[in-house]
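Worksheet: the structure to be examined is printed underneath.
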Amino acid sequence: MAKRDFYEVLGVNRDVADGDLKKAYRKLAMKYHPDKNPDNAKAEEQFKEVKEAYEVLSDPQKRAAYDQYGHAGVDPSAGMGAGGAGFGGFSDAFGDIFGDIFGGGRSGGRSNVYRGADLRYNLDISLEDAARGTEIKIRVPAMETCGTCSGKGAKPGTEPVTCGTCRGQGQVRMSQGFFSIAQTCPDCHGSGKVIKTPCGDCHGQGRIKRQKTLSVKIPAGVDESDRIRLSGEGEAGVNGGPAGDLYVVIQIKPHNVFSRDGNDLHCEMPISFGTAALGGEITIPTLDGSAKLKIPPETQTGRAFRLRGKGVKGVRSSAYGDLMCHVVVETPVNLTERQRELLAELEDISSEDMPHHNPKAKSWMDKVKEFFDG
């Protein structure tokens, strides 16, 4: 079967520039690559055809011979000048394609510059500080750029030298047949430089572990698990890369009086038996001081009273939450003889008309009787 014209294979004009030729090849090679088309014989043949066309047209000498003599000018069996000597043009371009497919790409002399790692710091603060906001100093262990060598890793007065293995490319190529695979240089680990005389402080790493003190501004209204990002305060980058970030994660300490639910606060308030029965006024705590709460007569344990605006103003809220006060009727203890007499008398009087004085108890007793009788 006669070969198609190489320019036709790549879909370009005969006067195509080198850059456009390479773009056309990369697009087609990625489209027909066997790894993207498993068990597709037709795609494999098209990939080979595209590869062969680019191999010829990317080489100035081969392209000139092809333009003058056609396929015969680059056919090894014809003995023409181009022959099959070397696949440098294909290998270089294929290296790009190989990287695009598998997420790598050629380094072209890259220095393996990496961003520093992000760090997390768990910060315990009080409920009051979370509600009002504050500023706290923290000490964080982190990898910082070595001040002695300015992050170069080399002893002051010396410089890293170009790696002799990869000649500063950071990668070495392994070729097998038509395939050329780039791998990180084993000697310089991708940096392209070798440190002959390491810095005595960082031992050639360019970074050193130190404790640093930072001031963290806690905005008013932060809640449990909220994060505050300190840009650039994480670990130092590698080979001059940017530093990572520090994430301060808020953890609110348990409070003796209040519990928080969003922007609302909750508390339990014990009241005496007499106050619950007769009503009265009690003083309750809030984050801003104290407040008065009226207890109506015949208040039952567990009843909740809402004090509007006495909660927390959230970071993303324009209004304050509420304070929910949950009443707990406390049974008196350590009674005097006189108190016992009075309570016994009250019990006798109440039992004479239980449905009227203790409706819940009467209702419960009826249900118990129904249960046993049923």
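The values are calculated or read from the model by the stated rules, or taken from the named source; none is laboratory data. None of the values given here were measured: they were computed from a predicted structure. When we count neighbours, we look across all protein chains shown, and the Cβ atoms used for this are built from the backbone with ideal geometry, even at glycine. Accessible surface areas use protein heavy atoms only, side chains included; no ligands, DNA or RNA. Shrake-Rupley method; radii C 1.70, N 1.55, O 1.52, S 1.80 Å.
Which semi-axis lengths, in whole Å and largest first, follow from the square roots of five times the eigenvalues of the Cα gyration tensor of region 173-266?
48, 20, 10
Would you give the gap between the C-alpha center of region 227-269 and the C-alpha center of region 1-69, rounded to a whole Å?
Cα centroid of region 227-269 versus Cα centroid of region 1-69: 56 Å apart.
Please compute the per residue accessible area over region 242-374 with all protein chains in place, 1.4 Å probe, rounded to a whole number of Å².
About 69 Å² of surface per residue is accessible.
Given H placed 1.01 Å from N in the peptide plane, which residues other than close sequence neighbours of Leu119 have an amide H under 5 Å from its amide H?
Those lying under 5 Å, H to H, from Leu119 are Glu235, Asp245, Leu246, Tyr247.
Just the Kirkwood number for region 216-259, please: inverse of mean 1/r across all distinct Cα pairs, in Å, one decimal.
12.5 Å
Let's test the formula: R0 of 25 Å, r as the Cβ-Cβ distance of Lys253 and Thr331. What FRET efficiency results, to the nearest 0.05?
Step by step, r from the Cβ atoms, then E = 0.20.
In region 293-310, which residues have a backbone nitrogen under 18 Å from the label point lying 7 Å from Ser317's Cα in the Cα-to-Cβ direction?
Output list for this probe position: 305-310.
Note down the accessible area of Met174, probe 1.4 Å, to the nearest 10 Å².
The accessible area comes out at roughly 110 Å².
Per residue, what accessible area does region 190-238 have, given a 1.4 Å probe and all protein chains present, in Å²?
55 Å²
Could you name the lysines whose alpha carbon sits less than 26 Å from that of Lys292, not counting residues in the same chain fewer than 8 places away?
Lys292 reaches Lys310, Lys313.
In nm, to one decimal, how far is the Thr165 label point from the Gln339 one, both placed 7 Å along Cα→Cβ?
With each label point 7 Å from Cα toward Cβ, the separation is 8.5 nm.
How compact and how long is region 262-374, expressed as Rg and Dmax of its alpha-carbon atoms in Å?
Cα-based Rg and Dmax for region 262-374 come out at 19.2, 59 Å.
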